[in-house]
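Note sheet for the following structure.
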Amino acid sequence: MLKLRNVATNFGNSVIIRGVSLEIKKGDFVSLLGSNGAGKTTLFRTIAGILKPCQGTVEFKGRQTNRMSADKIVKLGLSLCPEGRHLFPQLSVHKNLMMGAYIRRRDHKGIKRSIGQVQELFPILKERKEQMAGTLSGGEQQMLAIARALMSDPELLLLDEPSIGLAPLIVKNIADKVKAINEMGTTIFLSEQNANMALKITGRGYVLESGSIIMEGPSNQLITDDVVRKAYLGA
Amino acid sequence: MELFLQQVFNGIMLGSTYAMVALGLTLVFGILHVPNFAHGNLYMLGAYVTFFLISLYQFGFWAAVISSMVILGVVGMLVERFVYRPLIGQPHINMFISAIGLLILLENSVAVVWGTSAKRIPHPYPDTVHLLGITTTQQRLIVIVAAVIMIILLQLFIKKTIHGTTIEAVAQDREGAQLVGINVNWVSSMTFAISSAFAAAAASLMAPIFMITPTMGALLVMKAFVIIILGGLGSMQGAILGGYILGLVESLGGGFISAAYKDVFAFGALVLILAIKPTGLFGKESN
Ligand SMILES: Nc1ncnc2c1ncn2[C@@H]1O[C@H](COP(=O)(O)OP(=O)(O)OP(=O)(O)O)[C@@H](O)[C@H]1O
Ligand SMILES: [Mg+2]
């Protein structure tokens, strides 16, 4: 479904992503582990078309997307729930969800169904329907960001550190929900510093360090790997 | 009392056009985060287009106003595409310089092509009307009604339709807008078209009442900036309310204290309001 070949991304003169290759198949639930500044966000923004790679190719559903604009990539069925959430703070929760469904704005029935689904997943969003997104708590904002990313009915969902800055109980809740989203059929690529959480729910993982993939494998093997345990699990 | 009502009426009329011009300016500011100094010149160009459609091509008044809005809408899109879009991602000072360059270009082109002497559009509705004890012309009444209708329609478009809401979405979070699949360039283009068409409408409605000159936009754009700062940068309610406040302050100050100093009252109101509320009437606390 998603294939990166030797992708590199720069900021000015500094190379942030150095020749990353990876592949994600339909239905997969894959994690991207890496510490602060490893380049997870930069890699995700490159895949989503916000940044353009200076080398290599990105292929989504058999089509080369590395030169496409971000809005076209969304239309192909790839949705990024970004770091920092990027919600519309002065729009209501409901309007944020409606904007999430912008690419299928004429599909009124489908939108209604999706709203029902995300409200079932995160009941708080139903309660807070008319509240401005900017006035939600951090955890609620993260739920809204995930819900908004789901509203385009994506085939591949990229989640950039959904656990960041949240209390352990909320992290657990979000992890469960993300797992449920994958079980309902959405392919998920999850970036996390919280390797413990990510490796428990995903099937496979990549480890990113200084812009390169240094390791990959099934999550249950990574979780016992010495290098991973030292670097990311504090063991 | 009668004089007072007369001045209030004139203030509302002025305020209606100020509100339209300020709304356009604030929409573009929200999208670009850079002030479009040339906005007043687009207003001026709108008045000239209407003038020539009426005097050279015998257009009816409303046909000319609507055509002028369409033409300026297209001009606005071209300005966005060729003056501002190439500078996105560069230091803000570049857009400032371009805006001022565009301002000078428009003002002088009009002066060269059509001359610097003031022109007046023949009054389409010269009849007087008596209303609540005041006497005014139909044209002045039309300015108010048309402006209110257009302002309401724009609000409905932005608040109630998905295409209109994309303008708010891009203004509030550009990257978030891209990530839900909004074509940000298209939204910028649309916003410029609306903004310029509103300026053209305001200018055309006022053209039979005041003279039109190539420099008519210069002071107006200053006032429009006063309004959007007074109303809170990027706030649409602020621009509307600010427009009417400024119109009233000018008209009442000009009528009762001194006509020569009416612009002083406008800028004085800005100083006063910002002293009390530094973020403007509807301004968000900076984050
Ligand atoms: N806009 C930018 N301009 C310059 N450098 C940047 C920019 N964004 C990111 N970087 C640099 O790129 C590197 C990778 O950053 P990135 O945000 O991708 O890391 P990350 O793995 O997502 O980290 P975190 O876990 O803290 O979110 C960092 O060294 C960062 O300083
Ligand atoms: Mg990051």
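The values are calculated or read from the model by the stated rules, or taken from the named source; none is laboratory data. What you see is a predicted model; the values in this text were computed from it and never measured. Neighbour counts run over all protein chains shown; Cβ positions are idealised from the backbone, glycine included. Quick note on the areas: whole protein, heavy atoms, side chains included, nothing else; ligands and nucleic acids left out. Shrake-Rupley method; radii C 1.70, N 1.55, O 1.52, S 1.80 Å.
Here are some conditions: (1) open to solvent by less than 80 Å² (accessible area, probe 1.4 Å); (2) touching a strand residue (DSSP E or B) at 6+ places or on another chain (Cβ under 6 Å). B:Thr128 meets all but one. Which one does it not meet?
(1)
Please work out which residue is farthest from ligand 1 (Cβ to nearest atom), limiting yourself to the range A:154-180 and to residues that are in contact (Cβ under 8 Å) with a residue 60 or more places away in the chain and surrounded by fewer than 20 Cβ atoms within 10 Å (Cβ to Cβ).
To start, the set of residues in the range A:154-180 that are in contact (Cβ under 8 Å) with a residue 60 or more places away in the chain comprises A:154-162, A:164, A:179.
With surrounded by fewer than 20 Cβ atoms within 10 Å (Cβ to Cβ) added as a condition, the list becomes A:155, A:164, A:179.
Values: A:Glu155: 24, A:Ile164: 7, A:Lys179: 21 Å.
This residue is A:Glu155.
How do the helices (runs of 4 or more DSSP H) wholly within the range B:1-120 filter down when requiring 3 or more residues that are modelled with pLDDT of 90 or more: which remain? Full working, then the answer.
Working: elements: B:2-32, B:39-55, B:61-79, B:92-114.
Fully inside the range B:1-120 and qualifying: B:2-32, B:39-55, B:61-79.
Residue by residue through the range B:259-268, note down the ones that are modelled with pLDDT of 80 or more and open to solvent by less than 40 Å² (accessible area, probe 1.4 Å).
Result: B:Gly268, single match.
Give B:Ser188, B:Ser204 a once-over and let me know the one that is more than 27 Å from B:Leu281 (Cβ to Cβ) and part of a helix (DSSP H, G or I). Lay out the reasoning, then the answer.
Values: B:Ser188 fails: more than 27 Å from B:Leu281 (Cβ to Cβ).
Step by step, each of B:Ser188, B:Ser204 is checked, and only B:Ser204 is more than 27 Å from B:Leu281 (Cβ to Cβ) and part of a helix (DSSP H, G or I).
May I ask you to list the residues in the range A:72-82 that are assigned to a helix (DSSP H, G or I) and in contact with a helix residue (DSSP H, G or I) (Cβ under 8 Å, 6 or more places away or on another chain)? Explain how you work it out, then say what you get.
If we filter the range A:72-82 for residues that are assigned to a helix (DSSP H, G or I), which is where we start, we get A:72-76.
Hits for the range A:72-82 are A:Ile73, A:Val74, A:Lys75.
Take the conditions at the interface with chain B (Cβ under 10 Å from one of its Cβ atoms), open to solvent by 40 Å² or more (accessible area, probe 1.4 Å) and either small (Gly, Ala, Ser) or at positive phi (or both) and apply them to A:Gly100. Does it pass? Step through it out loud before you land on a result.
Numbers: at the interface with chain B (Cβ under 10 Å from one of its Cβ atoms): yes; open to solvent by 40 Å² or more (accessible area, probe 1.4 Å): no; either small (Gly, Ala, Ser) or at positive phi (or both): yes.
In short, no.
Return the total of residues in the range A:68-82 being among the β-branched types (Val, Ile, Thr) and within 8 Å of chain B (Cβ to nearest Cβ). Before the answer, list the steps.
The first filter runs over the range A:68-82 and keeps only residues among the β-branched types (Val, Ile, Thr), leaving A:73-74.
Subsequent filtering for residues that are within 8 Å of chain B (Cβ to nearest Cβ) retains A:74.
Qualifying residue count for the region: 1.
Among the residues of the range A:142-165, which ones are in a helix (DSSP H, G or I), away from ligand 2 (no atom under 16 Å from the Cβ) and over 11 Å from the mean Cα position of the chain (by Cα)?
A:Met143, A:Leu144, A:Ala147, A:Arg148, listed by residue number.
Condition (residue is away from ligand 1 (no atom under 16 Å from the Cβ) and under 30 Å from A:Ser212 (Cα atoms)) applied to the range A:93-105: is it met by at least one residue?
Within the range A:93-105, not a single residue is away from ligand 1 (no atom under 16 Å from the Cβ) and under 30 Å from A:Ser212 (Cα atoms).
Output the residue which, of all residues in the range A:31-79 that are among the basic types (Lys, Arg) and within 16 Å of ligand 2 (Cβ to nearest atom), is surrounded by the fewest Cβ atoms within 10 Å (Cβ to Cβ). Explain how you work it out, then say what you get.
Filtering the range A:31-79 for residues among the basic types (Lys, Arg) gives A:40, A:45, A:52, A:61, A:63, A:67, A:72, A:75.
Next cut, within 16 Å of ligand 2 (Cβ to nearest atom) only: A:40, A:45.
Details: A:Lys40: 24, A:Arg45: 22.
Among residues in the range A:31-79 that are among the basic types (Lys, Arg) and within 16 Å of ligand 2 (Cβ to nearest atom), the one surrounded by the fewest Cβ atoms within 10 Å (Cβ to Cβ) is A:Arg45.
Consider the range B:225-248. How many of its residues are in a helix (DSSP H, G or I) and under 12 Å from B:Phe29 (Cα atoms)?
So in the range B:225-248, the residues in a helix (DSSP H, G or I) come out as B:225-231, B:236-248.
Checking the rest, the ones that are also under 12 Å from B:Phe29 (Cα atoms) come to B:225, B:228-229, B:236, B:239.
Adding up the residues that qualify gives 5.
May I ask you to list pairs of residues, at least six apart or on different chains, whose Cβ atoms are under 6 Å apart, with the first in the range A:37-60 being more than 14 Å from A:Ser191 (Cα to Cα) and the second being of a type outside the set (Gly, Ala, Ser) and within 8 Å of ligand 1 (Cβ to nearest atom)?
Correct list of pairs: A:Leu51/A:Arg45.
I'm trying to understand the selection: among the residues of the range A:83-97, which are within 10 Å of chain B (Cβ to nearest Cβ), in a loop (DSSP other than H, G, I, E, B) and open to solvent by 10 Å² or more (accessible area, probe 1.4 Å)?
Correct list: A:Gly84, A:Arg85, A:His86, A:Leu87, A:Pro89, A:Gln90.
Which pairs do you get when a residue that is more than 19 Å from B:Val221 (Cα to Cα), found in the range B:42-69, comes within reach of a residue that is aromatic (Phe, Trp, Tyr) and in a helix (DSSP H, G or I), reach meaning Cβ atoms under 7 angstrom, with the pair 6+ apart or on two chains?
B:Ile54/B:Phe61
Among the residues of the range A:169-214, count how many are touching a Gly at 6+ places or on another chain (Cβ under 6 Å), under 23 Å from A:Ser79 (Cβ atoms) and within 16 Å of ligand 2 (Cβ to nearest atom).
1
Does the range A:59-72 contain at least one residue that is at negative phi, within 16 Å of ligand 1 (Cβ to nearest atom) and modelled with pLDDT of 95 or more? Give the derivation first.
Kept after step one, since they are at negative phi, are these residues of the range A:59-72: A:59-60, A:63-72.
Then keep just the ones that are within 16 Å of ligand 1 (Cβ to nearest atom); that gives A:70.
Okay, now just the ones that are also modelled with pLDDT of 95 or more, so A:70.
Yes - at least one qualifying residue is present in the range A:59-72.
Do we have A:Tyr232 as within 14 Å of ligand 1 (Cβ to nearest atom), away from chain B (no Cβ under 14 Å) and under 18 Å from the mean Cα position of the chain (by Cα) here? Talk me through it step by step, then tell me what you get.
Numbers: within 14 Å of ligand 1 (Cβ to nearest atom): yes; away from chain B (no Cβ under 14 Å): yes; under 18 Å from the mean Cα position of the chain (by Cα): no.
No: the conditions fail for A:Tyr232.
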